[in-house]
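The values are calculated or read from the model by the stated rules, or taken from the named source; none is laboratory data. Being a predicted model, the structure only gives us computed values, none of them experimental. Positions of Cβ are backbone-derived with ideal geometry, glycine not excepted, and every protein chain shown enters the neighbour counts. Ligands, DNA and RNA are stripped out before the accessible areas are found, and what is left, the full protein with its side chains, is counted by its heavy atoms. Shrake-Rupley method; radii C 1.70, N 1.55, O 1.52, S 1.80 Å.
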Amino acid sequence: KTLRRYVMEKVLKCKDVGVKCDFVARGKTEEEVLKKASEHAKKAHDVDEVTEEYLNSWRKLIRNA
């Protein structure tokens, strides 16, 4: 019998950060989710620089899908 490992998808929603936006960053790792969230924040929400403070606060809001 073969055991399969399932990787839980991780998600971070703009709404969880307190922004009225339907964007959801998805990925297999926290780093992947944070990268997508950072790119979205810069493009959609005029964030000039994603600081370590942003990343640390966002990291706490990432959930398993």
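Restricting attention to the stretch 32-51, which residues are acidic (D, E) and either more than 14 Å from the chain's Cα centre (by Cα) or buried (at least 17 other Cβ atoms within 10 Å of the Cβ) (or both)?
First pass over the stretch 32-51, keeping only residues acidic (D, E): 32, 39, 46, 48-49.
D46, D48, E49 - these are the residues of the stretch 32-51 that are acidic (D, E) and either more than 14 Å from the chain's Cα centre (by Cα) or buried (at least 17 other Cβ atoms within 10 Å of the Cβ) (or both).
So, of the residues in the stretch 21-62 that are among the basic types (K, R) and in contact with a helix residue (DSSP H, G or I) (Cβ under 8 Å, 6 or more places away or on another chain), which turns out to be farthest from Y6 (Cα to Cα)?
Applying the first criterion (among the basic types (K, R)) to the stretch 21-62 yields 26, 28, 35-36, 42-43, 59-60.
Cutting the leftovers down to in contact with a helix residue (DSSP H, G or I) (Cβ under 8 Å, 6 or more places away or on another chain) gives us 26, 59.
Values: R26: 16, R59: 21 Å.
Per the criteria, the residue is R59.
Looking only at the stretch 18-31, decide whether some residue is at pLDDT 95 or above, open to solvent by less than 50 Å² (accessible area, probe 1.4 Å) and in a helix (DSSP H, G or I).
There is no residue in the stretch 18-31 that is at pLDDT 95 or above, open to solvent by less than 50 Å² (accessible area, probe 1.4 Å) and in a helix (DSSP H, G or I).
Specify which of the listed residues (D48, D16, D22) is touching a Phe, Trp or Tyr at 6+ places or on another chain (Cβ under 9 Å) and acidic (D, E). Quick ask: steps written out before the conclusion?
Numbers: D48 fails: touching a Phe, Trp or Tyr at 6+ places or on another chain (Cβ under 9 Å); D22 fails: touching a Phe, Trp or Tyr at 6+ places or on another chain (Cβ under 9 Å).
Every option except D16 fails the conditions.
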